[in-house]
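K.L.:
Sharing a structure below in structure tokens format, with a few things to ask.
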Ligand SMILES: Nc1ncnc2c1ncn2[C@@H]1O[C@H](COP(=O)(O)OP(=O)(O)OP(=O)(O)O)[C@@H](O)[C@H]1O
Ligand SMILES: [Mg+2]
């Protein structure tokens, strides 16, 4: 023969016990609400903010590496990077496209004119930058041709006098189509226009839209554009930092330091940086509130136990074992903690969403956080209820029946 | 008939300065279906004896056999189980839970026993019916008169279906009509085989009992009716 207590009865008794003093329960819950709310807000906010900053450096940007190569120190010195080194770079693991170009110096753009004279009023001579590029420029600059075609390796090898116009350059020159074999004169030298580019996708290469692009061989012959000055690399996702480190050596084995590489910032580093900054203090604050909340639950449960001494005695007289008494107060404290966790998590999530909406951010809510927060509240309640529950269980029935005081 | 209760040389002393000898070598045997009343002046040790009999307190000396089982050697869990299953209490100060309604208070009587969960409410209603409180079953105890509270406490004890019913001044708050009703109920219970031990100051109550014992300064003596 043993005393027993159905689990459903245990919960019913605990809930009834909590419901006895709603105002007190609400105040007790408040501490946990504040603690859990602060924690959820902090974690949710730093995740959201971190995502926001990382989002600016989206997946595309994160795969672009640009290398700038300064011209040789003297006119008779060899180029710092040979055109052929680009193929070495292209062979690196993680590289998806490589292109290089040499261009006219800013301020020394040659005058360019088209032969398509339709509007006599139009001033046809334009100073436009000229770019001598490798045939792989389209992919590396994330652009495409809107009309015609781009030059290929054959054009480069044959040193053909062909040109591809950036969309703005084409507009300025009045070239709208290429099927009629228009020509442009760059510093008086004729080039056949074989294509017009569409928009340029690579953010740091927008000036290509305004340029006249010719094979680098032809450019060197006719306009003395010189050795490669800029190398554009696209990489597989996540490979950019590694390629950025390897590129100088691949391009200029003798003098890697001469190559200046621009790589996207590491999003992971950004994310943690933000999390560290924003969260540190608030996280501590949340933990402090949670501790205060736990102490509140412990204190109130202890007071409740003392107040309900006679009830404990009665329950013992009715056959409740020590563990039944302990369980009841433990469950009461746990439910109070759980309530605080649920309300706190909801308030925290709401705060994160509202901040995000106000700043037009995308709220990032971790499911584990949403589920874990109420659980954390329950654990806080459980721990806080431990001592009062043991005190209640330790009471002697006779003493308890005499009541408090 | 077998003895339900056998006390031999029970003593209970409370540590105080000077120590309070609440019970001194009490011998008592109670048979199944007995109706025993305990009388004596205030502070003589009646409640202390009832606590010992109800397994709420452990005597310092002596032996207490309940239904043939020596209880002074039992652990807390075993005593609790025996208490919950076999003994019902009606306390001097009712001990009703103020925030639970009458039915819920009575249902507590079967909460910790192996009685089926199902039908607990019905059993509570039946117990309330027996004490004539069906019309008050949804009330809060705080809204009841003293006599009604007493009867709720009795109903709660009955809900546990005890073999031994221990009552401390069960009619202390009742008028003569209600007292008579409670005494009739006791007679019924007795007829059903329940053993009753009642502490009382009331001559009518102890007069209806089958036996009477008196405690004076912790000493128990049998009294002729
Ligand atoms: N825990 C305790 N510590 C010290 N003394 C106690 C304790 N419990 C009871 N006593 C003392 O033991 C004596 C007997 O108490 P008990 O409650 O049994 O009296 P009673 O006969 O029930 O009196 P009443 O009729 O007033 O209810 C009293 O003098 C009381 O002060
Ligand atoms: Mg008493």
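The values are calculated or read from the model by the stated rules, or taken from the named source; none is laboratory data. These numbers were taken from a predicted model, which means no experiment stands behind them. Every residue, glycine among them, receives a Cβ derived from its backbone with ideal geometry; neighbour counts consider all protein chains shown.
K.L.:
I'd like to check something: does segment B:36-52 contain any residue that is farther than 27 Å from residue A:323 by Cα and part of a helix (DSSP H, G or I)?
P.N.:
Yes, segment B:36-52 contains a residue that is farther than 27 Å from residue A:323 by Cα and part of a helix (DSSP H, G or I).
K.L.:
Among the strands (runs of 3 or more DSSP E) confined wholly to segment A:149-242, which include 3 or more residues that are under 21 Å from residue A:259 (Cα atoms)? Outline the logic, then answer.
P.N.:
Details: elements: A:162-165, A:183-186, A:189-197, A:212-215, A:230-235.
Correct list: A:230-235.
K.L.:
Only one of A:348, A:340 is under 28 Å from the mean Cα position of the chain (by Cα), closer than 19 Å to residue A:29 by Cβ and in a helix (DSSP H, G or I). Can you tell me which?
P.N.:
Answer to the selection: A:348.
K.L.:
Would it be correct to say that residue B:84 is on the phi > 0 side of the Ramachandran plot and either surrounded by fewer than 21 Cβ atoms within 10 Å (Cβ to Cβ) or more than 16 Å from ligand 2 (Cβ to nearest atom) (or both)?
P.N.:
no
K.L.:
Further question: Could you list, in sequence order, the residues of segment B:48-66 that are within 11 Å of chain A (Cβ to nearest Cβ) and either within 12 Å of ligand 1 (Cβ to nearest atom) or out of contact with any helix residue (DSSP H, G or I) (no Cβ under 7 Å at 6 or more places or on another chain) (or both)?
P.N.:
B:48, B:50, B:51, B:52, B:56, B:57, B:58
K.L.:
Take segment B:150-202 and flag every residue that is more than 16 Å from residue B:91 (Cα to Cα) and touching a strand residue (DSSP E or B) at 6+ places or on another chain (Cβ under 6 Å).
P.N.:
Scanning segment B:150-202 gives B:190, B:194, B:195.
K.L.:
I'd like the residue in segment B:15-39 that is within 13 Å of ligand 2 (Cβ to nearest atom) and more than 14 Å from chain A (Cβ to nearest Cβ) and, out of all such residues, is farthest from the chain's Cα centre (by Cα).
P.N.:
B:39
K.L.:
Okay, moving on. Being more than 11 Å from chain A (Cβ to nearest Cβ) and in a loop (DSSP other than H, G, I, E, B) is the filter here; which residues of segment B:96-132 pass it?
P.N.:
B:119, B:131, B:132 - these are the residues of segment B:96-132 that are more than 11 Å from chain A (Cβ to nearest Cβ) and in a loop (DSSP other than H, G, I, E, B).
K.L.:
What tally of residues in segment B:133-173 results from selecting those that are surrounded by fewer than 22 Cβ atoms within 10 Å (Cβ to Cβ), more than 16 Å from ligand 2 (Cβ to nearest atom), at pLDDT below 90 and part of a loop (DSSP other than H, G, I, E, B)?
P.N.:
Result for segment B:133-173: 2.
K.L.:
Could you tell me which of the residues A:315, A:322 is within 14 Å of chain B (Cβ to nearest Cβ), over 24 Å from the mean Cα position of the chain (by Cα) and free of Cβ contacts under 8 Å to residues at least 60 places away in the same chain? Please lay out each step first, then the result.
P.N.:
Numbers: A:322 fails: free of Cβ contacts under 8 Å to residues at least 60 places away in the same chain.
After ruling out the rest, the residue left standing is A:315.
K.L.:
Identify the single condition in (1) assigned to a loop (DSSP other than H, G, I, E, B); (2) within 14 Å of chain A (Cβ to nearest Cβ); (3) touching a strand residue (DSSP E or B) at 6+ places or on another chain (Cβ under 6 Å) that residue B:72 does not satisfy, given that it satisfies every other one.
P.N.:
(2)
K.L.:
Out of B:93, B:42, which single residue is within 16 Å of ligand 2 (Cβ to nearest atom), farther than 25 Å from residue B:221 by Cβ and either more than 13 Å from every other protein chain (Cβ to nearest Cβ) or surrounded by fewer than 20 Cβ atoms within 10 Å (Cβ to Cβ) (or both)?
P.N.:
Unique residue meeting the criteria: B:93.
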